[in-house]
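Some notes on the structure that comes next.
The values are calculated or read from the model by the stated rules, or taken from the named source; none is laboratory data. None of the values given here were measured: they were computed from a predicted structure. Neighbour counts run over all protein chains shown; Cβ positions are idealised from the backbone, glycine included. Areas reflect the complete protein model, heavy atoms only, side chains present, ligands, DNA and RNA absent. Shrake-Rupley method; radii C 1.70, N 1.55, O 1.52, S 1.80 Å.
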Amino acid sequence: MFEISKGAKRVIEKLTHAGYEAYAVGGAIRDIIMGRSASDFDVTTSATPEQMKVVFSSDRVIETGIQHGTLTVLFDGECVETTTYRVDGEYSDNRHPESVEFTTNIENDLSRRDFTMNALAYNPIADTLLDIFGGKADIENGIIRAIGEPKRRFYEDALRILRALRFSSVLGFEIEEKTKQAMLESAHLLKNISKERIATELNKLICGKDAKRVIMENYELLGYIIPEIAQMHGFDQCTPWHIYDILTHTAIVVDNVPPTIELRLMALLHDIGKVHTFVVDEKGIGHFPSHNGVSAERAREFFNEYKYDNATKERVCKIISLHDTYISEDRVYIKKRLNRMGAEAFFQLLQLQRADNLAHNPEKVNLKHFDVVEKIANQIIEEQACFSLKDLAINGRDLIKIGFKPGKEIGIILDMLLNEVIEEKIENEKTALLKRASAELGG
Ligand code: ATP
Ligand code: MG
């Protein structure tokens, strides 16, 4: 007996009552078998969209995917995507079937799905699990296996290549050999897939618990998205600072930052400029002059090509360009950085630097420095010490009240006062600041 959601159960009961077949399918069933909590239940049914509309005529429904046979049924705030059994027509663009045909046979519907683990169908009324491709055993053994002829399936829809990598990373599964082989042979078709969809899969992949392994094992495939990833493989840095090639180093950094999209992207891309900037000096030591800047530039190109949002792009590029900047263990210096970057970005930089350091030659690892910097920064935040204009005890209006003219000068004076407060030359206190400001009046 599987615990399926109330909404999915009601959808299935209603369809069954009306004389149709209905099953919960896909990711939710896979997750339940794995003992993971499942959300987003999908239902597949023999009822056509028109028949579904009759069955759910007194319920709230959204018809967004109706031409593909999908009706979203809402119960108690839960959305249950309910789709008519279908088979996909021919694929000519490696992404979209030219037609979608409905069928009354669930086996046809399960056959069009991507992997065996995603093709299990469960009926809660009869308590039966339909498992025609051995998906349950594959889940139990942690295996991702394409349904049918792998090459044909990736030719039909090349996004499945990245779905496989993403599932491998998120679920910690291995990809079966024939499937893996077919992925590599079909990788050139990724060029036909929408950039946004690729980015969505990549983001999930790098946030998965097995991101390090998946990046290291699939550098060739990932090279179709970010060419440097393939070039980083086996790239000896020729320096005592590193014992790993750039790829291994990068994968370890990814593993060592918390799994948020921004931090993981920073880690993944922080050194992509290295393959473009490598030089060896007369002693045989490798250097990567200006690789920060080059990495940030290449990251920017990547974000533009893959249509990332501006906030992510700007934040990640900024931190990459700073990733080798030494943060001195000095309260005033740290306050100035906090002011310039904002606290969130500052702590992201620190997390990236810590992870980067950890992925160096173990003899060169020095985490104490990061502990010290972090402690000082936390102290500044806890004390609510002033490091930005919004924390300053006076503002432009206060300056106007004591006789400053509205305009550029106000900004200059406020910046000067902030700087003196940050440098602890003056207290962040209204009377003192006004007194200091008036000394500049008419001067
Ligand atoms: P997630 O945990 O990300 O939701 P999921 O397996 O539920 O994983 P969805 O994208 O929600 O993935 O898709 C639901 C189901 O639809 C999948 O389990 C699979 O059976 C099928 N499916 C989704 N995308 C594809 C695809 N590109 N090719 C074939 N079948 C697919
Ligand atoms: Mg899903």
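Among the residues of region 9-65, just one is over 22 Å from I132 (Cα atoms), at pLDDT 95 or above and within 16 Å of ligand 2 (Cβ to nearest atom), namely V11.
The set of residues in region 109-133 that are in contact (Cβ under 8 Å) with a residue 40 or more places away in the chain and either away from ligand 2 (no atom under 16 Å from the Cβ) or basic (K, R) (or both) comprises R113, N123, P124, I125, D127, L129, L130.
Across region 42-75, the number of residues qualifying as within 30 Å of the chain's Cα centre (by Cα) and among the acidic types (D, E) comes to 2. Taking the criterion of being open to solvent by less than 80 Å² (accessible area, probe 1.4 Å), over 15 Å from the mean Cα position of the chain (by Cα) and either of a type outside the set (S, T, Y) or over 13 Å from L265 (Cα atoms) (or both), the residues of region 292-316 that qualify are N292, G293, V294, A296, R298. Between A146, A137, the distinction of being away from ligand 2 (no atom under 16 Å from the Cβ), within 24 Å of F2 (Cβ to Cβ) and among the small types (G, A, S) belongs to A137 only.
What's the total number of residues in region 136-157 that are on the phi < 0 side of the Ramachandran plot, in a loop (DSSP other than H, G, I, E, B) and open to solvent by 50 Å² or more (accessible area, probe 1.4 Å)? Give the steps one after another, and end with the answer.
Keep residues of region 136-157 that are on the phi < 0 side of the Ramachandran plot, which gives 136-141, 143-147, 149-157.
Okay, now just the ones that are also in a loop (DSSP other than H, G, I, E, B), so 145, 147, 149, 157.
Adding the requirement that they be open to solvent by 50 Å² or more (accessible area, probe 1.4 Å) leaves 145, 149.
Number of matching residues: 2.
Looking across F133, F167, F173, one residue alone is surrounded by 19 or more Cβ atoms within 10 Å (Cβ to Cβ), among the aromatic types (F, W, Y) and over 21 Å from D210 (Cβ atoms). It is F133. Among the residues examined, V373 qualifies as assigned by TED's automatic domain parsing to the domain that holds P258 and modelled with pLDDT of 95 or more.
Counting only helices (runs of 4 or more DSSP H) wholly contained in region 1-98, the ones carrying 1 or more residues that are within 12 Å of ligand 1 (Cβ to nearest atom) occupy 27-33.
Among the residues of region 359-373, the ones that are crowded, with 17+ Cβ neighbours inside 10 Å and of a type outside the set (G, A, S) come to 3 in all.
Considering each residue of region 247-257 in turn, at least one proves to be in contact (Cβ under 8 Å) with a residue 12 or more places away in the chain and touching a Gly at 6+ places or on another chain (Cβ under 9 Å). Restricting K136, K178, K151 to residues that are closer than 26 Å to I32 by Cβ and more than 24 Å from the chain's Cα centre (by Cα) narrows the list to K136. Of all residues in region 80-102, those satisfying the criterion of being closer than 11 Å to T44 by Cα, of a type in the set (S, T, Y) and either open to solvent by 50 Å² or more (accessible area, probe 1.4 Å) or out of contact with any Gly (no Cβ under 7 Å at 6 or more places or on another chain) (or both) are T82, Y85. Among helices (runs of 4 or more DSSP H) entirely within region 318-428, having at least 1 residues that are among the aromatic types (F, W, Y) singles out 331-341, 343-358, 368-382.
Would you tally the residues in region 264-291 being surrounded by fewer than 20 Cβ atoms within 10 Å (Cβ to Cβ) and modelled with pLDDT of 95 or more?
Of the residues in region 264-291, the ones surrounded by fewer than 20 Cβ atoms within 10 Å (Cβ to Cβ) are 276-287, 289-290.
Applying the additional criterion that residues be modelled with pLDDT of 95 or more yields none.
Within region 264-291, residues that are surrounded by fewer than 20 Cβ atoms within 10 Å (Cβ to Cβ) and modelled with pLDDT of 95 or more number 0.
Of all the residues in region 1-23, those that are open to solvent by 50 Å² or more (accessible area, probe 1.4 Å) and β-branched (V, I, T) number 1.
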